[in-house]
Structure formats: structure tokens, C-alpha cells
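*Asks:* Structure provided below as C-alpha cells; questions to follow.
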Amino acid sequence: MKYISTRNVKATVNSPEAIIKGISEDGGLFVPSDFPILSEADFAKMADMEYYERSAFVLGKFLDEFTSDELLKMTKAAYSRFDSEETAPVVKLDDNLFVLELFHGPTYAFKDIALTLLPHLMTKSKEKLADKSKTLILVATSGDTGKAALEGFKDVDGTAIIVFYPSDGVSDMQKLQMMTQEGKNVKVVGIKGNFDDAQTAVKKVFTDPEIAKLLLDEGIKLSSANSINWGRLAPQIAYYVSTYVDLVSSDEIEMGDKINFVVPTGNFGNILAGYYAYKMGVPVGRLILASNQNNVLTDFFHKGKYDADRKFFKSISPSMDILISSNLERLIFEAADRNDETVKKLYKDLADGKSFVFDVSKIDEIFGAGWANEDETKDAIADTLDEYDYPIDTHTAVAMSVYNDYQDETNDENATVVVSTASPYKFPLDVYNAIHHSNKKMDAFKAAQMLEEEISMDEPDGLKTLQAKKILHDAVIEKDQIAEEVLKFAKTQRI
Ligand SMILES: *Cc1c(COP(=O)(O)O)cnc(C)c1O
């Protein structure tokens, strides 16, 4: 299959190239030239498959340069690291209300679904391209991508990874997960600034030809583990397909019945994967985007103006504290009938003036959008525990709150799946305080311990053991030092 850039449809690459490059030289994102269709027979066939087989099956439709054996081997290796046999289990809370649990991977957030697989995809892609260079993975993280990418790439031959996170913009647990990261090819750096600052600076490094040349002298090429990379996005399509297959095979719905998804959204990667699943034939009724107080996307879907020139809030759902939502570009590309000139113009407007205007009536009508403020988010945590004895994290709670509003307004009778993106134990203090309507201060481990005494979900070992780990990365830099830091680290990793 060929991939084209959202900013130049004539620039085509194959899937190994799309995965290795991460982003197109013109600043655009790679998208598949068309969407393969899954038939009812395909869905029926998948009912008897394990999750890793379903994933390989869906990936095979896009990554036809890889054999099905190669894909199976990779997905099996990736998903055997999960603490749930089903990898991405669908849990029933009520008639027509389900939760898709995407937090059973090694770092307890949904990013693991793609980032346990991406190192395998990259290594194989380089093999296919006979590329002997070292790959330096450059990551800007709002909290969860960083740790998941570090766990995925640590000590993987032929790769190194450097992660930049907003030093005051992630949860204590997220920060400790990163600062204690082991591995001989890893580096973690805090920046004084927010996620958007980190993402913008990192994107600049990617498209700077001078930096590319300096790195190439060391035998190093840059790539991305952010959801701008097709290799990050493609594995996420599989869990939407798998959810539909699970609901049909457990007789919750009939084949062909429409289902809704509510997705806690930041960089628009997760929900975009849902849209791609819909394009492939999963019968989706509504795809409902849920924002926190940084509701730039909700405003855009309602008003047609993407306006990033606004106050940035630090919320209790930090992985969604984003004002520049990278993957929206891929949806705009579809809504603009794949007109690369339109996309180029809009993103120039955004770079120049922090906003653009787009006729949202052109966006697929399956999309809905809502947002939850901090109090509504906390209430959703307390109410979901009360009503269903089911603990949710602060991000999932944003989606649950938006789901409740949507249901009140529409009485939609489709089965609806709230996508759960993190374990509540990654944000134990906020979850604890939400349940108790309190505002206690205590350290994250104490909060996790108290939480564990009252909810029917155990704290994952990987978080419990953090407490005893050594801090290995405590550097904090100014945001304009990112390029310099990348070059410095590259020197220590040259081949
Ligand atoms: C990354 C993340 C999100 C946002 O997902 P996007 O793909 O960026 O929209 C939501 N919740 C959690 C826990 C995350 O880590």
C-alpha cells in the first residue's frame, strides 16, 4: 500500500518508509492512499482469533510489505507483555454501556497498545529497506507516551530514544515512571514549558535539514514515536475492530448493529483510529470526542474555528492538556476531499496566527464533541464507582461525563463504548480525592495504597515498585535547548 502526505499527495512512500520517516519532509502526515474494507466474513473470522491475531489481521490490510507471519510474530511479542489475556477487554457496565480497557500494558496507559509494537515494526522496516543507520526516536510527551515509548525501545538494538516532557505538567506517578527509566539507549529530559512547547520544538528538530545532516554524520536518523507516526496509529485501529467483534460474538449486538465510541481526546490519535476503523467498515453510529477544560477541539467541532490562541489549563487529566492537536490534520485532509493545498494553507494559518477556519459541515457527521470541566470529571469518577462499582481514571472520567451528557440529550439506543485510556492508579491522588469529595494532599504511593483498600481493582506491581527505584534522569532545560540536547545525546549513541 502507498502512503501520501497530507501536504503533498504526490509524495508517496511505502509502509516501511512511512514508519521509519514518521513525518513527511513537507511537514505533512502520512495517510494510506485508500482504506481497505473489512467484510462481514472478515469480522466473523476474527471472532475466533486472539487479540494479537486480530491485530495482525487488521495491520496486514495496511502493511502489505510485511508477511502475515512477520506481523503475527510481532503482535504476539508485543501483547504477551500485557497483564490481561484479552489484551483489550470490553467490560459491560450496564445495558448498552461498555468500557474498553486499554490500560493493561507495561505502563498502564493505552499508548502501550501501539508502543509495545512500534519497535518491532521499525526494526523490521529498516531490515526491509536495508537501512543500516541507527534510529533516534524523538518524543514529546504529555505524560503517557514518553514512558510507553521508553519501555518499548529500551535496549532495542539499532535504536536510541530521547523523551521531552513538561516538567510541571505531568502527574507524580507519570514523572517518576520516566525519571527512573533504565536502559543504555534512553534519555529523559524535563522542559520548562507545556506539552505544546515540547511538541512544537520537537517537530522543528524533525524538519531541520541541518540537524538531519549533523546526525547523519554520526550514522543516525531521527524518527517519531508520537501519534503522527503511522506505525503508532495503525495498531490502534485494531482495538476498535476487536471491540465490535467482541460485542457481536458475546451477543450484545447483532452483526451490522451500530455502536458508538466516546473517546477522551488530546492529540486526536485515538479517536482518529476509530474513524479509520469506521472507514474500513466497522458500523459506527457516533464517534464522540471528549475534551477536558482545554476544549479547543470541542469548540472547533461546534464553531468551525480552530483557535489555539487561548489560556492553557493544567488539569487532572494531563495527557489531554493539549492545544495543538496534531492528528486533526488527518481528519481535515479527509474532510477537504484530500486536497493537500487546503491542508497546507490551514496549517500555515495555524503556524502564523494560532488559528484557522474550516467549514465543519464537511466533517463526517458521525462525529460528536463535548467537554467536561474539573468538577464534572471528579463527579464522573465518584458516580461511576457508586453506580457500577467500577473505578475509572481522570481521563476516562472526562469521556464518562461527556457520555452522560450525550445520553441525557439524545437517548441514543446504540450500544456505547467508553474508551478507557489509563489505570486509575496512574492518578491515584486525584481519583482518591474525587471519590471522597476531598482535597487531601499526600504522596502518590500513599494515595494508591488507600485507594486499593476501597476499590475492587489491584494496584499494578509496576507502579508499586516505582517507590524503591533510583532517579536516573533529573535534567530540566529551557524549551529552546531541545535541539542542542538532541545533538548532545546523539554523540553518546553514535555507531
Ligand atoms: C494520550 C492520552 C489521551 C489522549 O489520546 P490522544 O490520542 O492524544 O487523543 C487520553 N488519555 C490518556 C490516559 C492518554 O495517555
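Every number here is computed from the coordinates shown, using simple stated rules; none is lab data. These figures come from a predicted structure and were not determined experimentally. Positions of Cβ are backbone-derived with ideal geometry, glycine not excepted, and every protein chain shown enters the neighbour counts.
*Asks:* With the dipole of the chain worked out from charges on the C-beta (+1 for Lys and Arg, -1 for Asp and Glu) around the Cα centre, which of Pro264, Phe153, Leu328 lies farthest toward the positive end?
*Replies:* Checking the options against the dipole of the chain, the answer is Phe153.
*Asks:* Once Lys and Arg get +1 and Asp and Glu get -1 on their Cβ, which of Ala422, Ser15, Ser250 lies farthest toward the positive end of the dipole of the chain?
*Replies:* So the residue furthest toward the plus end is Ser15.
*Asks:* Hey, for a label at Lys204 modelled as a point 7 Å past Cα toward Cβ, could you say which residues of segment 474-495 have their backbone N under 12 Å away?
*Replies:* 479-484
*Asks:* Describe numerically, in nm with one decimal, the distance between label points set 7 Å from Cα along Cα→Cβ at Lys45 and at Asp386.
*Replies:* Once both label points are built, they end up 4.9 nm from each other.
*Asks:* Given R₀ = 25 Å, what would the calculated FRET efficiency be for Asp257 paired with Asp69, taking r from the Cβ atoms and rounding to 0.05?
*Replies:* FRET efficiency, Asp257 to Asp69: 0.15.
*Asks:* On to the next question. If packing is taken as the average number of other Cβ atoms within 10 Å across a peptide's residues, how do 408-414, 326-332, 104-110 rank, most packed first?
*Replies:* Output ranking for 408-414, 326-332, 104-110: 104-110, 326-332, 408-414.
*Asks:* If you bin every alpha carbon distance in segment 357-495 into 10 Å steps from zero, what whole percent lands in each bin?
*Replies:* 10, 28, 23, 22, 16, 2
*Asks:* Now for a separate question. Can you tell me the length gained on complete extension of the stretch Glu409 to Glu182, counting 0.36 nm per residue apart and subtracting the Cα distance?
*Replies:* Net length gain for the segment: 76.9 nm.
*Asks:* Roughly how many nanometres apart are two label points built 7 Å out from the Cα toward the Cβ at Ala77 and Glu478?
*Replies:* Rounded to a tenth, the inter-label distance reads 4.2 nm.
*Asks:* Right, another one. Could you list, in their original order, any pairs among Lys204/Lys378; Lys147/Lys479; Lys147/Lys184 whose Cα atoms are separated by more than 25 Å?
*Replies:* Lys204/Lys378
*Asks:* From the square roots a ≥ b ≥ c of the eigenvalues of the alpha-carbon gyration tensor of the chain, which class results: rounded (a/c under 1.5), prolate (a/b over b/c), or oblate?
*Replies:* Rounded, because the longest to shortest axis ratio a/c is under 1.5.
*Asks:* Additional query: In segment 46-60, whose amide N lies under 16 Å from the spot 7 Å out along Cα-to-Cβ of Glu85? List them in ranges.
*Replies:* 48-53
*Asks:* Can you tell me the length gained on complete extension of the stretch Ile366 to Leu487, counting 0.36 nm per residue apart and subtracting the Cα distance?
*Replies:* Gain on extension, Ile366 to Leu487, equals 39.1 nm.
*Asks:* From the square roots a ≥ b ≥ c of the eigenvalues of the alpha-carbon gyration tensor of segment 144-237, which class results: rounded (a/c under 1.5), prolate (a/b over b/c), or oblate?
*Replies:* rounded
*Asks:* Quote the charge dipole size of the chain about the Cα centre in Debye, to the nearest 20; the model charges only the Cβ of Lys and Arg (+1) and of Asp and Glu (-1).
*Replies:* So the dipole magnitude of the chain works out to roughly 2620 debye.
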